[in-house]
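Here you go, one structure.
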Amino acid sequence: MTEFRGYPVKELVDDLRLAFASRAIDDREIAMQKQSRVYFQISGAGHEAIGLALARHLRPGYDWFFPYYREQALVLGLGVTPTEVLLQAVGSAADPSSGGRQMPSHWGHAAHHIVSQSSPTGSQCIPAVGCAEAGRYLVRRPHLSDAGASSAHGDELTYVSLGEGACSEGEFWESLNTACNLHLPVLYVVPDNGFAISVPVTDQHPAPVHELVRGFRGLDVHHLDGTDYFGVRDAAASIIEHIRAGVGPALIHADVVRPYSHSAADTQSKYRSVEELAEEAGHDPLDRFARDLVVGGVLSEAEVDELREQARQEVADAAAAALAAPRPDPATVRDQVTDLPALPDPGPAPDDGEPVPFGEAIKRTLHEAMAADERIRVFGEDVADAREQVLAGVEGKGGVFGTTHGLQRSFGQARCFNTPLSEANIIGRAVGQGVRGLRPAPEIQFFDYIWPAMTQLRSEAATLRWRSNGSFTCPMVVRVPIGGYLTGGSIWHSQCGESIFAHIPGLSIAMPSRARDAAGLLRYAFRCEDPVLFLEHKHLLRQPDTVDPYPPEDWVLPFGIGDIRRSGDDVTVVTWGATVARSIEAADRLAQREGIEVEVIDLRTIAPWDRGLVADSAARTSRVLVVHEDTLTAGFGAEIAAWIGEHCFADLDAPVRRIGATDTPVAYEPTLEDAILPQVDGIEAALLDLATW
């Protein structure tokens, strides 16, 4: 017999062996955890049939994959070996997914296009959509592979899976919105085992997932029995063919079982009855698959037992190999956090360019960068000029501050476009595009509304390089208008909060205060292979004191290089953003009134920040005041003050002082705003007090 039910017998036997191997890996890991050789365990038991059946229709290294933690059988079907799975379980340096940095079942394999997965449930859905979006963009521009982008195929698809519990997460619904609106080639798979740890599906949804999603026009929805290998494989052929044909996304909601507890840290008998567990055991997909092959005459019972034993021995050998593999070197823990391009300090920019204010410098630099690099795409709320059908007859918007005006007109809607009003969607799609080697430049319209995107920024973008041990990177430049001094901006349009993001490893942060630096830093940001938060102070966009000659295209300012904006020998001010000009004004007043000369340092970037420049200045002046617009408590100035106190203590003649906003939101009424934010008078008074301490 060479075929059974239309499939090669060899494939069926191989898949049954892999199913047995997947279950044997679970059993082996559980035993190894009890021996303290594995430190966490979560199984794919009960999900073997659907994973292996789907893998037969998918193309590793061609399609792209964002699988969740139960997908052990799927990744085995895609070509990940039992040894590689167990290398992750024991935390070996040889683990191809993370080099011992990720928990087991957080899949990642660059050669197979399995993108390193994080733990927040459902958050992978939006990057998966961005990945599919990037594929469509790249397939029309194959030359971009020469610039570092991935290759793309016209019939590729992006696979993303999540449990039924994670379908309660907003990222799932936000991703569906875009996948359907853009008719993207995304296959959603929801294996439903009835429980999110101990929470039953009846506490999750008012109806089954396949019913809830039917309102999305263009989504091909299917409800399958995920324990039936042949049923899934039969149905998947046309479902996946539909996606590859470019019709749009599809969703498979599959009923599966969970014969083992959620994880080794869980005991499901505490919340599931003996009768329920016994009934579910009768639907084990391994038993069903084996029975189908025996009844069909493909294998005998003895051959099934022999296949099960072969898989068990293969896993035992894989476990021995994993345990013998090298452990990670603790000295490498700081490797692969970020890898900023090594460029020299360009020195002062030539002063023969056309004088432009801060906002105009950003707009020009965006035009310049997009003209030079077709990988750059700008998107967000209101960033485009107008709908294509009216564009010729209107001025165009180009962002609420005008910094993206003309980009759509110059480069087309494929490269500058509006998104749904959804910050997580904006950033998550950029993550997926960055994985494919594009240079996305998403915009969050106001810093005050960045918080819905926090999971995508913190857990997806910033950790990707480190958690994959450098196998994947996430280049993106997230542009964010920030700050107050607006008169009327109030709590929802005036906040700073850069200190919160400075606490995130893997995220670089720039916050320039003048046009020249904005251009140079933005040019550098687009050269980075890791996420950059580029903070554009709203108050500075059109201020005359930000005007500089526009620097030539080859003037690129690396991160971590501060600037002495005013020289002095009596006191040092360390500042950034809108408080730079206020600090300079306060210093000028103090020099005129008291003869005290203050040195003002503009850090320009705070992750990284120029420790050497600050230390040299502190050694000369012996007194340091840190000024920032963010709230005083736990503002980034506290980090700078602590560092100076630790590393420059012997040079100091006075305590390091700080000035920041009051520990309140910013108010609407102008006199209240003035009382909340640092002002020139307050900075001058603090400098005088420090100079005479």
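The values are calculated or read from the model by the stated rules, or taken from the named source; none is laboratory data. Note that this is a predicted model, so its numbers are computed, not measured. A quick note on method: Cβ atoms are made from the backbone with ideal geometry, for glycine too, and the neighbour counts reach across all protein chains shown. In case anyone asks, the SASA skips ligands and DNA or RNA and just uses the protein heavy atoms, side chains included. Shrake-Rupley method; radii C 1.70, N 1.55, O 1.52, S 1.80 Å.
Provide the percentage of antiparallel DSSP beta bridges, counting only those with both residues in the range 455-609; round to the nearest 5.
25
Counting only DSSP beta bridges with both residues in the chain, tell me the antiparallel percent, nearest 5.
Restricted to the chain, the bridges split so that about 20 percent are antiparallel.
What's the extension gain from Ala392 to Met1 if we count 0.36 nm per residue and subtract their Cα-Cα distance?
Result: 134.1 nm gained on full extension.
Could you pull out which residues in the range 568-597 have an amide N less than 19 Å from a spot 7 Å beyond the Cα of Ala615, following the Cα-Cβ vector?
572-575
So, by mean Cβ neighbours within 10 angstrom, what's the order for 571-581, 532-542 with the highest one leading?
571-581, 532-542
Another one. Taking the simple approach of a point 7 Å from Cα along Cα-to-Cβ for both Glu553 and Val139, what is their distance in nm?
Label at Glu553, label at Val139, 3.2 nm between them.
Please find the FRET efficiency linking Asn181 to Asp339, where r is the Cβ-Cβ separation and R0 is fixed at 30 Å, and quote it to the nearest 0.05.
After rounding to 0.05, the efficiency reads 0.30.
Could you work out the Kirkwood radius for the range 257-404, taking every pair of different alpha carbons, averaging 1/r and inverting it, reported in Å?
Computed over Cα pairs of the range 257-404, the Kirkwood hydrodynamic radius comes out at 24.5 Å.
Using the alpha-carbon atoms, what tilt in degrees (0 to 90, nearest 10) does helix 358-372 show relative to the longest principal axis of the chain?
Once rounded, the angle reads 40 degrees.
Quick one, which of (1) 64, 48, 28; (2) 53, 28, 22; (3) 56, 35, 24 is the actual semi-axes √(5λ) of the Cα gyration tensor in Å calculated for this model?
(2)
Could I have the simple spin-label model distance between Asp681 and Lys10, label points 7 Å from Cα toward Cβ, reported in nm to one decimal?
8.6
Right, next: Counting residues in the range 1-153 as N, plug N into 2.2 N^0.38 Å and put the Cα Rg over that result.
With N residues counted in the range 1-153, Rg over 2.2 N^0.38 Å equals 1.14.
Continuing with the same structure: Using the heavy atoms of the protein chains alone and a 1.4 angstrom probe, what is the accessible area of the chain per residue in square angstrom?
Using a 1.4 Å probe on heavy atoms only, each residue of the chain averages 37 Å².
Continuing with the same structure: Taking all protein chains in place and a 1.4 Å probe, what share, in percent, of the accessible surface of the chain do carbon and sulfur account for?
Roughly 51 percent, rounded to a whole number.
Continuing with this model, one more query. With the crude spin-label approximation of a point 7 Å out along Cα→Cβ, what separation in nm comes out for Thr692 versus Glu669?
Each label point lies 7 Å from its Cα, and together they span 3.4 nm.
Against the longest principal axis of the chain, how steep is helix 301-324, in degrees 0 to 90 to the nearest 10, with axes from Cα atoms?
On a 0 to 90 degree scale, this one is about 30.
Compute the acute angle (0 to 90°) between the alpha-carbon long axis of helix 423-435 and the principal axis of greatest extent of the alpha-carbon atoms of the chain; round to the nearest 10°.
In the chain, helix 423-435 runs at an angle near 70 degrees to the longest axis.
May I pose another question? Based solely on its DSSP helices, what 222 nm [θ] is calculated for the chain when runs of n ≥ 4 H residues each add -39,500 (n - 2.57) and the sum is averaged over all residues, nearest 500 deg cm²/dmol?
For the chain, the value works out to -11000 deg cm²/dmol.
Restricting to Cα pairs below 8 Å that are 6+ residues apart, what does the relative contact order work out to for the range 1-145? Please round to a whole percent.
Normalised by residue count, the contact order of the range 1-145 is 19 percent.
Here's another thing I want to ask about it. Considering only DSSP beta bridges whose two residues both sit in the range 187-322, what percent are antiparallel, to the nearest 5?
Among the beta bridges of the range 187-322, antiparallel pairing accounts for roughly 15 percent.
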